[in-house]
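S.K.: What follows is a structure written as structure tokens; I'll ask about it next.
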Amino acid sequence: MQKYWVIVKSWFSDWRAYIAEFLGTFVFVFVANGAVVVNFLYGDINTLGLSITIGFSYAALLFMTVYRSQGYLNPAITIALWLVKRISPVNTFFYIVVQVLASFAAAGLLLLVFGESAKEISLGGPTLGVNVEMSAAVLVETILTAGLIFAVFATMVDRRGPVSFGPLVAGFFTVAAAIVAGPISGAAFNPVRAIGPGVLSNSTNTLAVWIIGPLAGSLFALFYEVVFLRKGKK
């Protein structure tokens, strides 16, 4: 019995990191998706403004949480780290659980603040552009999520990079990528921006786009590991 207790206790030894990951993801989804809802209801934010809001809020929250947790507020990046054995399976599991829970919590708060009218825009979650096929949106999400993972790995994972500026690099890339992808795929690059808001607003018909695309993009981590990190160790 004591053996099992030790195992269970080890699972929750990083509980502070899980709390940091929950709080960071919660605030990110609320701010990023909230900006989309505000733009829809009041029209005060354009595409550039939305992109800056999403990217800068992500950068700020990474600065606040990255040295407390390694989930990067994004299941796609969490899985990318797990693929190259940079975080343990236990941490990977709990990071994804708290990220998804934070997505639902933020979506619930958005619904409380903005009411039923916010469901028309999927509680600020990503949506497909006019006449955009799901396959094209998945491809865009895959490519740009891979770009985000490139930014994270080149700065915050690869210690030879400018580690201190890593969150800023990730934020700047997110701004640029959101400008490009916004009219096409809604510029998620992160499943949590879609899962909670999509489910609570009953907008699940295209939800697979923002799960498959980012998770496929996470495979770029394997390429970076083989080409850059392993070579750098020799």
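The values are calculated or read from the model by the stated rules, or taken from the named source; none is laboratory data. Owing to the predicted nature of the structure, the values given are computational and were not obtained by experimental measurement. With ideal geometry, Cβ positions are generated from the backbone for all residues, glycine too; neighbour counts draw on all protein chains shown.
S.K.: Which one is surrounded by the most Cβ atoms within 10 Å (Cβ to Cβ), of the residues in the range 37-77 that are modelled with pLDDT under 95 and under 19 Å from residue 95 (Cβ atoms)?
M.R.: 71
S.K.: Working only within the range 156-177, note down all residues that are among the β-branched types (Val, Ile, Thr), farther than 21 Å from residue 47 by Cβ and at pLDDT 95 or above. Reasoning before the result, please.
M.R.: Here is the first cut: in the range 156-177, the ones among the β-branched types (Val, Ile, Thr) are 157, 163, 169, 174-175.
Right, trim to farther than 21 Å from residue 47 by Cβ and you get 157, 163, 169.
Selection gives 169 alone.
S.K.: For the range 119-128, does any single residue satisfy the condition of being of a type outside the set (Val, Ile, Thr), over 14 Å from residue 195 (Cβ atoms) and not in a loop (DSSP other than H, G, I, E, B)?
M.R.: First pass over the range 119-128, keeping only residues of a type outside the set (Val, Ile, Thr): 119-120, 122-126, 128.
Next cut, over 14 Å from residue 195 (Cβ atoms) only: 119-120, 128.
Among the residues that remain, those that are also not in a loop (DSSP other than H, G, I, E, B) are: 119-120.
For the range 119-128, residues of a type outside the set (Val, Ile, Thr), over 14 Å from residue 195 (Cβ atoms) and not in a loop (DSSP other than H, G, I, E, B): present.
S.K.: Could you please tell me which pairs satisfy a Cβ distance under 8 Å, a separation of 6+ or placement on different chains, a first residue in the range 203-220 that is free of Cβ contacts under 8 Å to residues at least 40 places away in the same chain, and a second residue that is in a loop (DSSP other than H, G, I, E, B) and surrounded by 19 or more Cβ atoms within 10 Å (Cβ to Cβ)?
M.R.: That search, which allows pairs on different chains as well, returns 207/194; 211/194.
S.K.: Still on this structure: Return the only residue of 230, 193 being in contact with a helix residue (DSSP H, G or I) (Cβ under 7 Å, 6 or more places away or on another chain) and of a type in the set (Lys, Arg). Quick ask: steps written out before the conclusion?
M.R.: Numbers: 230 fails: in contact with a helix residue (DSSP H, G or I) (Cβ under 7 Å, 6 or more places away or on another chain).
Matching residue, one of 230, 193: 193.
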